[in-house]
Every structure is written in structure tokens, then in C-alpha cells.
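Here is the structure we will look at.
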Amino acid sequence: MAVLTSEAWAQHGSTAQGGQSPRFETGITVPGAILRSKRPNVYLISFSTPVGLPGVSLPGGVYMFRFLEGRSAIQVLDAEGSVSYGLFVPTAIRRTGAVRDAAVWLMPAPGDGGPRRVQALFEPGQSTGSEFIYQ
């Protein structure tokens, strides 16, 4: 199972579970505080296991998720922001339940043995998040 960690989680802990839409029953919701960078619209997320995004697999590690163009796109980079792994145009998705903390939703690993995919990202205090589109 992939686990979301971050400096903020390690320092402050997190108890919120966040809601999960019924269509994600077989996935997991990984609650936790996502470290917000000093730069606006930038979050650092640390994964303990490999994860997938549309068209790319990433080893476990820290990644920068940067919202662009009024939140209409998300760029995923290495933690330093020097290597880009992709630019994604997400769709909006809603969650129910506690919305105080940030959350990352992961889908089950695909049948081909690849890593779990990042399904959606929710910013702290937001019930509407960004869902990644897989073909």
C-alpha cells in the first residue's frame, strides 16, 4: 500500500480521513497534510512507493505538484522543480466528509503489475479537487 507522507504530516500529524466517492471503493484515500511550498499553488508530496500518473511511472520520493493557468493544469516535477514529469489537464471531482486536510486518492494497481495511480489531489479545506484523466 502506498502511503502519503510529508514534512507537514511528520511535524503536525493528521487525523482527517476525507470522504471517498463510491466509484473509488476499491482504491484508497491517503489522508494527510500536504506541504504547501512558499510559492503559491505549489505542493510537495512524498510517496513511499512508486506511483503512476497518466503516461508516466514515478519511483517513491518527493514530487512538486504545481497548479497552472488558474488551476486548469497541474505540472508534476521533481522536488527541486528542475525535472518535469508531465503537464496534466485535470477534471473537477468532489469529495464528501472531512475536508479540513489535503488528500491524495490512489487507484488500485493495474492488472499489469504497474504502480498504483494517483487519481485525484485535494487541497486543504477544499471539497472540490483535481482528478487525473487516464485513457
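In loop segments of the range 65-135 as defined by DSSP, the GluC sites (Glu not before Pro) with at most 15 further C-beta atoms inside 10 Å of their C-beta are E80.
Just want the ordering: D78, D101, from fewest to most Cβ atoms lying within 10 Å of their own Cβ.
Fewest to most other Cβ atoms nearby, the residues stand as D78, D101.
Read the figures in this text as sums done on the coordinates, not as results from a lab. Quick caveat, the model's predicted, so the values are computed rather than measured. Neighbour counts run over all protein chains shown; Cβ positions are idealised from the backbone, glycine included.
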